[in-house]
1. Of the residues in the stretch 97-108, how many are at pLDDT 85 or above, part of a loop (DSSP other than H, G, I, E, B) and at negative phi?
2. So S36 ticks every box in (1) over 18 Å from T116 (Cα atoms); (2) in contact with a helix residue (DSSP H, G or I) (Cβ under 7 Å, 6 or more places away or on another chain); (3) of a type in the set (S, T, Y) but one. Which box is left unticked?
3. Being exposed (fewer than 15 other Cβ atoms within 10 Å of the Cβ), of a type in the set (G, A, S) and more than 28 Å from E75 (Cβ to Cβ), is that true of even one residue in the stretch 103-114?
4. Please enumerate the residues belonging to the stretch 111-124 that are under 26 Å from V173 (Cα atoms) and either within 13 Å of the chain's Cα centre (by Cα) or modelled with pLDDT under 90 (or both).
5. Any residue that is of a type outside the set (D, E, K, R), more than 20 Å from Y184 (Cβ to Cβ) and surrounded by fewer than 19 Cβ atoms within 10 Å (Cβ to Cβ) - is there at least one of those in the stretch 45-55?
6. Please tell me if A69 is aliphatic (A, V, I, L, M), within 24 Å of F127 (Cα to Cα) and out of contact with any Cys (no Cβ under 9 Å at 6 or more places or on another chain).
7. Taking the stretch 43-66, which residues are assigned to a helix (DSSP H, G or I) and either closer than 12 Å to E149 by Cβ or without any contact (Cβ under 8 Å) to a residue 12 or more places away in the chain (or both)?
8. Only one residue in A203, A143, A158 is of a type in the set (G, A, S) and surrounded by 15 or more Cβ atoms within 10 Å (Cβ to Cβ). Which one?
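The values are calculated or read from the model by the stated rules, or taken from the named source; none is laboratory data. Note that the coordinates shown come from a computational prediction; the quantities given were computed from them, not determined experimentally. Heads up, the Cβs are rebuilt from the backbone with ideal geometry, glycines too, and the neighbour counts pull from every protein chain shown.
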Amino acid sequence: MHPDLAQYIDSALRHIDEIPRRRKLALEEVAAFVSSKRSAGEATDLTFICTHNSRRSQMGQLWAAAAAAHFGIDEVHTHSGGTEATVFNPRAVAALERAGFVIENPDGDNPHYLVTFVEGGPVQECFSKTYDDPFNPAEGFAAIMTCSEADAACPIVAGAALRVPIRYEDPKVADGTSDETAAYDERCLQIATEMLYLFSRIA
């Protein structure tokens, strides 16, 4: 892991006991899905879905990938999408950089950020897109619904083998306020902690 990210993960792990039991149950449902895939000798695809694929779903994708690597869970491929495409919000990007991810921004209207969590390791290409974009898996994946709007708008996610709502409060409520940075950092830490818990439960 990048050194700052490794330190952040060590800190996030200390928050696991703060996760409410009802949320742990949802996370364990996804963990069981990953475990079943591993038992069958199959790769696992996880797609994190929110409305705009701008904040929470992107954080979910990246933290799930980092958590899988931290616990040595291989053949896990993480993705994200929205019910509509906008842009990976720069405030969310900044929060992930503060956590220790190394992120390259090529600029553009909907930049395809290149993100790493370990030197010389896999590169995650992150940009806003719909969940059914050809960049994402079309079938056999677990759909993780990270916001209430997307959860309500997509009662059925075509091609998903599992659909689990794990909702997060949108940090955009603090955009333009003095609480903006704190709100994004709080959501980043919550998602990091929960993804670390999820992958700690995989057999």
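1. To start, the set of residues in the stretch 97-108 that are at pLDDT 85 or above comprises 97-105.
From what is left, the residues that are part of a loop (DSSP other than H, G, I, E, B) are 100-101, 105.
From what's left, at negative phi: 101, 105.
Here the count works out to 2.
2. Only one criterion is unmet by S36, namely (2).
3. Yes, there is a match, as at least one residue in the stretch 103-114 is exposed (fewer than 15 other Cβ atoms within 10 Å of the Cβ), of a type in the set (G, A, S) and more than 28 Å from E75 (Cβ to Cβ).
4. Answer for the stretch 111-124, where residues must be under 26 Å from V173 (Cα atoms) and either within 13 Å of the chain's Cα centre (by Cα) or modelled with pLDDT under 90 (or both): just V115.
5. No, the stretch 45-55 has no match at all.
6. In short, yes.
7. Scanning the stretch 43-66 gives R56, S57.
8. Unique residue meeting the criteria: A143.
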